Ligand code: NDP
């Protein structure tokens, strides 16, 4: 009989924590998990899933406009009902939350719907003061939106609140130029809001290939999204009529009905008792872990955004799986962080894997770059002057494809399949040897000259 209440206590039932809990339990461990918000975590409750559903909802605006070119008579003033979409999305989130809870139940994982903190290397404390012991503790508390400190910041919302807006704001100002900013700019713009992205620097989507970022910027501006660069927020002032006035350095003030701050996410470790228990954190508050997800305290591990490695759900899931297989399944596993694909669900979306052109030039020296700049067939018939751009980066010395960067309709769907080839180290000649699937957009990848 173990001297501990559990073999594993997981703090945080998001993507990483749920995967680790259920896999550890399936390996025979006695597992408990604590969640202070809702089971499912950021991705399911207030991130990827509801966001993607809003992206689908938003895209109807374009489809309805284009439909008449395809022979459909669509009434000229179709009305969009934000409350109906919001409530349907939130109901779907609740359904998924239930499924996640069921999975944990099915694996006999005990769920504590309360905050838990670390009280020692093998002890956690629940919000009601109860202390429980576990041979190992897994920190999977994810991240939290970072809001810069400026006067009136309390009037802004973050991605936590945006899914619950009472009404659709007519004018939205978005701070930041990253994933969330560009995704929600596309969503609100399609719904008919006036959107302005305000960025502290002069580039959007740092880390993505420059040509792809430029294409998104150009298309976004054509669609009516406004941008202010090199314009840090100074303050938000609430007006007598309840609206907001956003004051910026170097720019005129912008009136808004909602201000969304999307300036990155920070590891959710505040007040968790980690430092007190001897767990080393980095300057951003992330738990420092080794490649086995172990912190500086041997009984405490961490996976997912709280470790600030790659802030993506599928990465957290892999880390959770690797932790559980290694520690409880007798199958030592590490996560391979090379060639992790990613997507931005902007309008149109971006999909990317591997090195950008600039990275490849720096790292490899000699490279070849192939691009296809084309108008998707569907856009041509719709009279939509919006061009897709596909870019392939090839190592000159080996002919290996080391990067793929796509922007255009369904780019993430196409990229996921193509990422297998990049991960497998296939060459440009392998792409060329594959017969095109016609007519498709993806065929551009095997026809690059
Ligand atoms: P990002 O890291 O993508 O972008 C942050 C943006 O905010 C950048 O433009 C950055 O500018 C700016 N910024 C950072 N700090 C400040 C500051 N102090 N003042 C003003 N501006 C600032 O963060 P997001 O919030 O958009 O998203 C958080 C994370 O969530 C992402 O990193 C991603 O991992 C994940 N995510 C993934 C999605 C997906 O996979 N599709 C979708 C949504 C989120 P600068 O470039 O100058 O640093």
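The values are calculated or read from the model by the stated rules, or taken from the named source; none is laboratory data. All values derive from a computational prediction rather than experimental measurement. Glycine gets a Cβ as well: all are built from the backbone with ideal geometry, and neighbour counts include every protein chain shown.
Things to note:
Here's the yes/no breakdown for (1) surrounded by 14 or more Cβ atoms within 10 Å (Cβ to Cβ); (2) farther than 19 Å from residue 329 by Cβ; (3) in contact with a helix residue (DSSP H, G or I) (Cβ under 8 Å, 6 or more places away or on another chain):
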residue: 8; (1), (2), (3): yes, no, yes
residue: 12; (1), (2), (3): yes, yes, yes
residue: 16; (1), (2), (3): yes, no, yes
residue: 43; (1), (2), (3): yes, yes, yes
residue: 50; (1), (2), (3): yes, yes, yes
residue: 55; (1), (2), (3): yes, yes, yes
residue: 66; (1), (2), (3): yes, yes, yes
residue: 71; (1), (2), (3): no, yes, no
residue: 84; (1), (2), (3): no, yes, no
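- Strands (runs of 3 or more DSSP E) fully within the stretch 287-378 counting 1 or more residues that are within 16 Å of the ligand (Cβ to nearest atom), in contact with a strand residue (DSSP E or B) (Cβ under 9 Å, 6 or more places away or on another chain) and at pLDDT below 95: none
- Among the residues of the stretch 118-157, those identified as away from the ligand (no atom under 16 Å from the Cβ), part of a strand (DSSP E or B) and either free of Cβ contacts under 8 Å to residues at least 12 places away in the same chain or surrounded by fewer than 19 Cβ atoms within 10 Å (Cβ to Cβ) (or both) are 119, 120, 123, 125, 126, 131, 133, 135.
- Filter pass, residue 394 being in contact with a strand residue (DSSP E or B) (Cβ under 8 Å, 6 or more places away or on another chain) and in contact (Cβ under 8 Å) with a residue 40 or more places away in the chain: no
- Here residue 190 clears all of (1) over 25 Å from residue 94 (Cα atoms); (2) touching a residue at least 60 places away in the same chain (Cβ under 8 Å); (3) in contact with a strand residue (DSSP E or B) (Cβ under 9 Å, 6 or more places away or on another chain) except the condition numbered (3).
- Residue within the stretch 169-180 that is at pLDDT 95 or above, surrounded by fewer than 22 Cβ atoms within 10 Å (Cβ to Cβ) and farther than 18 Å from residue 46 by Cβ present: yes
- Take the conditions (1) surrounded by fewer than 24 Cβ atoms within 10 Å (Cβ to Cβ); (2) at pLDDT 95 or above; (3) not in a helix (DSSP H, G or I); residue 1 misses just one of them, which is (2).
- Search result, residues across the stretch 206-231 that are within 18 Å of residue 147 (Cα to Cα) and touching a strand residue (DSSP E or B) at 6+ places or on another chain (Cβ under 7 Å): 231
- Residue that is farthest from the chain's Cα centre (by Cα) [pool: residues in the stretch 194-247 that are more than 12 Å from the ligand (Cβ to nearest atom), surrounded by 21 or more Cβ atoms within 10 Å (Cβ to Cβ) and part of a loop (DSSP other than H, G, I, E, B)]: 225
- Count - residues of the stretch 160-186 that are within 16 Å of the ligand (Cβ to nearest atom) and either in a helix (DSSP H, G or I) or in contact with a strand residue (DSSP E or B) (Cβ under 8 Å, 6 or more places away or on another chain) (or both): 17
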